[in-house]
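Enquirer: This is the structure I have questions about; it appears just below.
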Amino acid sequence: IDRDNYILACADCTGHGVPGAFMTVIGSNILSQIVKENKVTNPAEILIQLDQRINETLKQDNSRFSEVQDGMDLALIKVDKANKSFVFTSAKRPAIFIRDQKMSEFKGSKLSIGGMRSGEKKFEEITMDFQQDDVIYLFTDGYIDQFGGKENKKFMIKRFRELLLSINKLGMPEQKRKLDEAITAWIGNNEQTDDIQVIGIRF
């Protein structure tokens, strides 16, 4: 936004192959229009407008005759470096915040962006001050839903939380390496079942 403020989004589009790629392009373009061209920087308002515009673009409604009912799950954070604060909002994607080895989890809305509409959607905001060395993680469901291990089960959120607690004090490149190693070992001889995205911010 400017020297002291930025917005970062972590999104996971539903649909596979061409529909998923199509949704990614549409979502990215609409987000850019909302924030860069229309100068909307309120996190909840960004998600409301994104949801409305995707519905309009794809002509989505409650009818089963709608051709495209895909959408996206998305977590969005607006960081104010000057005031050392951030605002988090989300459509079905949580975030994990760690300070002094104490973990908090921000749940976000249970509604996705796009898809069939069922009344007006609301996206709550969480505002928080940050301190030096606090870390927040935004992530899609690809990591925790990956099958593997000795019993070929999902990685699961509990194991993911424990992993983040064990690595959060490391440098960010080293954390990335640890995350790569852990999921590669977990997958073993299996195939990767979904896109994987983990974004970590150290304040």
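Enquirer: As a test question: what accessible area, to the nearest 10 Å², does LYS92 have when a 1.4 Å probe is rolled over all protein chains in place?
Expert: Rounded to the nearest 10, that gives 90 Å².
Enquirer: Got a sec? Charge dipole of the chain, +1 on Cβ for Lys and Arg, -1 for Asp and Glu; which of ALA44, THR14, GLY115 is way out at the positive end?
Expert: Working it through, the farthest residue towards the positive pole turns out to be ALA44.
Enquirer: Loop by DSSP (not H, G, I, E, B), at most 11 other beta-carbon atoms within 10 Å: where is the longest site-free stretch of the chain for GluC sites (Glu not before Pro)?
Expert: It runs 1-66.
Enquirer: Filter the cross-link list LYS39/LYS176; LYS78/LYS102; LYS81/LYS176; LYS39/LYS102; LYS81/LYS154 down to pairs whose alpha-carbon distance in this structure exceeds 28 Å.
Expert: Details: LYS39/LYS176 32 Å; LYS78/LYS102 22 Å; LYS81/LYS176 23 Å; LYS39/LYS102 35 Å; LYS81/LYS154 37 Å.
Cα-Cα > 28 Å for LYS39/LYS176; LYS39/LYS102; LYS81/LYS154; rest within.
Enquirer: Wrap a convex hull around the Cα atoms of the chain, take a quarter of its surface area, and give that in square nanometres.
Expert: 12.4 nm²
Enquirer: Then there's this: With the full set of protein chains in place, find how many percent of the accessible area of the chain is carbon and sulfur; take the probe as 1.4 Å. Numbers along the way, then the final one.
Expert: Numbers: 5730 of 11530 Å².
That fraction is 50 percent.
Enquirer: Let me ask you something else. Give me the accessible area per residue for region 92-192, probe 1.4 Å, as a whole number in Å².
Expert: On the way: 6150 Å² over 101 residues.
I get 61 Å² per residue for region 92-192.
The values are calculated or read from the model by the stated rules, or taken from the named source; none is laboratory data. Every value quoted in this text rests on a predicted model; they were computed, and no experiment measured them. Cβ atoms come from the backbone with ideal geometry, glycine included; neighbour counts cover every protein chain shown. Please note that ligands, DNA and RNA were not included when accessible areas were found on the heavy atoms of the full protein model with its side chains. Shrake-Rupley method; radii C 1.70, N 1.55, O 1.52, S 1.80 Å.
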